[in-house]
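The values are calculated or read from the model by the stated rules, or taken from the named source; none is laboratory data. Everything numeric in this text was worked out from a predicted model, so none of it was measured. Virtual Cβ from ideal backbone geometry, glycine too; neighbours counted across all protein chains shown. All accessible areas refer to the heavy atoms of the entire protein, side chains included, with ligands and DNA or RNA removed. Shrake-Rupley method; radii C 1.70, N 1.55, O 1.52, S 1.80 Å.
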Amino acid sequence: VFDQRVALGDPKGGPVEVVGRCSLCQNPYDELDPKFVCTVCRDPVLVCPSCQEKDLYKEWYCKDHSALRGIYFTYLNRFSRPELKRQIDALNTMLTGLLNCGGKQAKQHKNRRRTLRRQIEKIEKRIAAVKKEAETKEAMANNTECREDCSVARHVGSSGAEACGTGSATPSIASSRPPCRTCNRLDCDGRCWGFWAGKSRPWKRRKPTTNSDKNEENTSTEEEVKR
């Protein structure tokens, strides 16, 4: 059912058949959770409790995007430059294969090619940022004053601790789970979208436009034109 109950059991109390399967281990499982959505398209994904604990990156993939597992990630600040380059190489290989398709398949894969290109551009920007961070750390390590006093805010502002090496601009993969894929909040339990959210969405709803609002907009526009 399309509400927070998700599914209904047998009203007579009979055995309930599990019709779904975990997207990772393929074991029977059919309990939807708003936290588990495809990192590419944000479609709901079935992930059993066992796989939830085992998965290292905590990013999930639907059936259509399962081929991108391990090479497509929304949150890139957990990866080093070699890992990011490996992802780019794999994505470019996949993109080349799609470009070599002809006829109807070329049209069918148009959106997929666009998705790959956007991810490649995103990774390239992240690699440039990681390179810049490394250069900043090296410069700060060569600064005697910075080594003696790591409160380097006077040098690089609030990011001084990261630049000097006491902080970490790139957290380890296992340090924490990534933020919510929908609202981008770390403290979100996933119930910020769909029927799980109800009226408690973290973002503001757009108020319906009334006739009085339209009249006020027209009046303000006329005043601006007169000015």
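Tabulated results
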| read-out | value |
| --- | --- |
| The one condition in (1) in contact (Cβ under 8 Å) with a residue 12 or more places away in the chain; (2) in a loop (DSSP other than H, G, I, E, B) that LEU98 fails to fulfil | (2) |
| ARG117 vs. criteria of a type in the set (Lys, Arg) and either over 21 Å from ARG69 (Cβ atoms) or open to solvent by 80 Å² or more (accessible area, probe 1.4 Å) (or both) | yes |
| Test: ARG113 is under 26 Å from VAL45 (Cβ atoms), over 16 Å from the mean Cα position of the chain (by Cα), modelled with pLDDT of 95 or more and not hydrophobic (A, V, I, L, M, F, W, C) | no |
| The stretch 53-76, residues that are in a helix (DSSP H, G or I), at pLDDT 90 or above and farther than 17 Å from LYS122 by Cα | SER66, ALA67 |
| Candidates LEU68, LEU84 - the one that is under 19 Å from PRO178 (Cα atoms) and touching a helix residue (DSSP H, G or I) at 6+ places or on another chain (Cβ under 6 Å) | LEU84 |
| The listed residue being open to solvent by 30 Å² or more (accessible area, probe 1.4 Å) and in contact with a Leu (Cβ under 8 Å, 6 or more places away or on another chain), out of ASP43, ASP64, ASP55, ASP33 | ASP55 |
| Selection within the stretch 30-64 - of a type in the set (Ser, Thr, Tyr), without any contact (Cβ under 8 Å) to a residue 40 or more places away in the chain and under 20 Å from ARG191 (Cα atoms) | TYR61 |
| Unique residue being acidic (Asp, Glu), in a helix (DSSP H, G or I), farther than 17 Å from PHE36 by Cβ and in contact (Cβ under 8 Å) with a residue 24 or more places away in the chain when the list is GLU135, GLU124, GLU83 | GLU124 |
| Test: residue in the stretch 106-120 that is in contact with a Cys (Cβ under 7 Å, 6 or more places away or on another chain) and assigned to a loop (DSSP other than H, G, I, E, B) | yes |
